[in-house]
């Protein structure tokens, strides 16, 4: 399992991903899930992956080979991020068509999802979620974030905090808290955590972190977030049992 998310605001993009691929009592493994295919000054292209590791590794390898071979169609040549999303979808379908008979024979789940975020000169920043089938959806001002993997635990804070006008640094902090909430509830999500923040129209990555297990900042934000939640909970008004019970009693007999 994994958890990755992308956030788009009027100021740029934030992408974050954990690195855990397996977790058990005696076995934990990690693998990078956030990839940077940028060409400084011309385009920034970021990919996050979840699901079948063999499929996502294969797709990343095929795309890297196209770049190295200077193919006419690659992440570095396509004129729009929409066409990049279609290109990635085709790579996923290509791998699935080749491997499907053998994977289905052994009942192996080969589904996967990718997040694509970036900006190509002449266009605005964009954020896409690409499905196993190769189709995709795009984030918008009304829905400024997309998630893949173990999404449910980290979604509430995103729903309550994020808007398209959220400052970029606040969006990055929100992304880390979303991942921390997921790690708290699911052992299959864990560090190292890769986080990047891209400022619109800069066409370079100035802010990028890799937070390892035991990083003081991770411990600090978890402790502060738990304290803040507890304090907020304690300030919530208690249930007025007597009034509610009395009202329910009157409503019942008035009917």
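The values are calculated or read from the model by the stated rules, or taken from the named source; none is laboratory data. Not measured: the values here are computed from a predicted model. Cβ sites come from the backbone with ideal geometry, for glycine too, and all protein chains shown count toward neighbours.
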(request) Name every residue in the stretch 100-131 that is part of a loop (DSSP other than H, G, I, E, B) and either touching a strand residue (DSSP E or B) at 6+ places or on another chain (Cβ under 8 Å) or farther than 14 Å from residue 80 by Cβ (or both), in order of residue number. (result) 106, 107, 108, 109, 110, 111, 121, 125, 131
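In this structure, does residue 134 turn out to be assigned to a strand (DSSP E or B), on the phi > 0 side of the Ramachandran plot and either at pLDDT below 95 or surrounded by 21 or more Cβ atoms within 10 Å (Cβ to Cβ) (or both)? I'd like the intermediate steps shown before the answer.
Values: assigned to a strand (DSSP E or B): no; on the phi > 0 side of the Ramachandran plot: yes; either at pLDDT below 95 or surrounded by 21 or more Cβ atoms within 10 Å (Cβ to Cβ) (or both): yes.
When the stated conditions are applied, residue 134 does not pass them.
Does residue 86 count as assigned to a helix (DSSP H, G or I) and out of contact with any strand residue (DSSP E or B) (no Cβ under 9 Å at 6 or more places or on another chain)? It would help to see each step written out before you state the result.
Details: assigned to a helix (DSSP H, G or I): yes; out of contact with any strand residue (DSSP E or B) (no Cβ under 9 Å at 6 or more places or on another chain): no.
Spelling it out, it is not the case that residue 86 is assigned to a helix (DSSP H, G or I) and out of contact with any strand residue (DSSP E or B) (no Cβ under 9 Å at 6 or more places or on another chain).
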(request) Return a yes/no flag: does the stretch 5-25 have any residue that is out of contact with any strand residue (DSSP E or B) (no Cβ under 9 Å at 6 or more places or on another chain), modelled with pLDDT under 95 and outside any helix (DSSP H, G or I). (result) yes
(message) So residue 53 ticks every box in (1) modelled with pLDDT under 95; (2) buried (at least 19 other Cβ atoms within 10 Å of the Cβ); (3) more than 15 Å from residue 128 (Cα to Cα) but one. Which box is left unticked?
(response) (2)
(message) Under 7 Å between Cβ atoms, which residue pairs at least 6 apart in sequence (or on different chains) link something in the stretch 220-233 that is surrounded by 10 or more Cβ atoms within 10 Å (Cβ to Cβ) with a partner that is part of a helix (DSSP H, G or I)?
(response) 221/176; 221/177; 221/180; 222/180; 225/177; 225/180
(message) Being at pLDDT 90 or above, buried (at least 16 other Cβ atoms within 10 Å of the Cβ) and closer than 26 Å to residue 168 by Cα is the requirement here; does residue 58 meet it?
(response) no
(request) Go through the residues of the stretch 172-189 one by one and say whether even a single one is more than 30 Å from residue 123 (Cβ to Cβ), outside any helix (DSSP H, G or I), in contact with a helix residue (DSSP H, G or I) (Cβ under 8 Å, 6 or more places away or on another chain) and modelled with pLDDT under 90. (result) yes
(request) Among the residues of the stretch 194-249, write down those that are part of a strand (DSSP E or B) and either farther than 20 Å from residue 12 by Cα or out of contact with any strand residue (DSSP E or B) (no Cβ under 7 Å at 6 or more places or on another chain) (or both). (result) 211
